[in-house]
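Working notes, structure below.
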Amino acid sequence: CSIKHKSLFPILRKYFYQHLKEYLEKFVKNRTFHEQDNIEKKQEVFLPSDFQFLGTKLGTSDPDIKMALNYLFNRGITEADLWFYGIGLSQKDQNWGGRIIFPSFDKKGDINFFVGRGMDQYLFPKYKNCEADKNEIIFNELKIDMKKEITIVEGPFDMIKSGQNSVPILGSSLSEDS
């Protein structure tokens, strides 16, 4: 099931939620606080070390940033979109260099995910997700009005093009446990 852990907690949470409370009551209380803390601790997400917010880079002479801005503007992204969605760039980071970064924020405003899109046609894979579990988040939940109709889309460019109340599923299919 592609889950690795030192306990049954994530498997029960994902596939047998109805038994999770019983498991925690019977077995987790006997473990040390450190182990419990690791089980329940939310995975922290950090942007690439060289993340640069592109909204403040208009008019720059840096050729990489110019290329990124031209790429985005050619895809129909506006300056307002750069600011609203917090779009940035990683230039030299070992894992994220040469990618446009689309950050996601939870309802509290904390970063909970990000996606990198390569600008170069030879950069593989084209899209790269951070290490966090995309099934555990609502991408850009901070920007979503849950009282209004929500449009479900495939990726971040579709999200921007579909309007401000859309959510990308970060792929072409949606699993049952999402």
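Among residues of the stretch 149-171 that are on the phi < 0 side of the Ramachandran plot, those with a Cβ under 6 angstrom from a residue that is open to solvent by less than 20 Å² (accessible area, probe 1.4 Å) and part of a helix (DSSP H, G or I), sequence gap 6+ or separate chain, pair up as Val153/Met159; Ser166/Met159; Pro168/Pro156; Pro168/Met159.
Kindly provide the set of residues from the stretch 86-113 that are among the aromatic types (Phe, Trp, Tyr) and under 12 Å from the mean Cα position of the chain (by Cα), ordered by number.
Kept after step one, since they are among the aromatic types (Phe, Trp, Tyr), are these residues of the stretch 86-113: 96, 102, 105, 113.
Matches in the stretch 86-113: Phe102, Phe105, Phe113.
Within the stretch 77-93, track down each residue that is loosely packed, with under 14 Cβ neighbours inside 10 Å and either in contact with a Leu (Cβ under 8 Å, 6 or more places away or on another chain) or at pLDDT below 95 (or both). Outline the logic, then answer.
As a first pass, look at the stretch 77-93 and keep what is loosely packed, with under 14 Cβ neighbours inside 10 Å: 78-80, 83, 92.
Of everything in the stretch 77-93, those that are loosely packed, with under 14 Cβ neighbours inside 10 Å and either in contact with a Leu (Cβ under 8 Å, 6 or more places away or on another chain) or at pLDDT below 95 (or both) turn out to be Glu79, Lys92.
From the list Gly171, Gly163, Gly116, Gly155, which residue is more than 24 Å from Ile65 (Cβ to Cβ), open to solvent by less than 60 Å² (accessible area, probe 1.4 Å) and under 16 Å from the mean Cα position of the chain (by Cα)? If you could, list the steps in order and put the result at the bottom.
Details: Gly163 fails: under 16 Å from the mean Cα position of the chain (by Cα); Gly116 fails: more than 24 Å from Ile65 (Cβ to Cβ); Gly155 fails: more than 24 Å from Ile65 (Cβ to Cβ).
Of the residues listed, the single one that is more than 24 Å from Ile65 (Cβ to Cβ), open to solvent by less than 60 Å² (accessible area, probe 1.4 Å) and under 16 Å from the mean Cα position of the chain (by Cα) is Gly171.
When you look at Ala132, is it closer than 13 Å to Leu47 by Cα, of a type in the set (Gly, Ala, Ser) and either open to solvent by 70 Å² or more (accessible area, probe 1.4 Å) or in contact with a strand residue (DSSP E or B) (Cβ under 6 Å, 6 or more places away or on another chain) (or both), yes or no? Even if it seems obvious, please write down each step before you answer.
Details: closer than 13 Å to Leu47 by Cα: yes; of a type in the set (Gly, Ala, Ser): yes; either open to solvent by 70 Å² or more (accessible area, probe 1.4 Å) or in contact with a strand residue (DSSP E or B) (Cβ under 6 Å, 6 or more places away or on another chain) (or both): yes.
Taking the combined requirement at face value, the residue satisfies it.
The values are calculated or read from the model by the stated rules, or taken from the named source; none is laboratory data. Predicted model only: the values in this text are computed from it and were never measured. We place every Cβ from the backbone using ideal geometry, glycine too, and count neighbours over all the protein chains shown. Please note that ligands, DNA and RNA were not included when accessible areas were found on the heavy atoms of the full protein model with its side chains. Shrake-Rupley method; radii C 1.70, N 1.55, O 1.52, S 1.80 Å.
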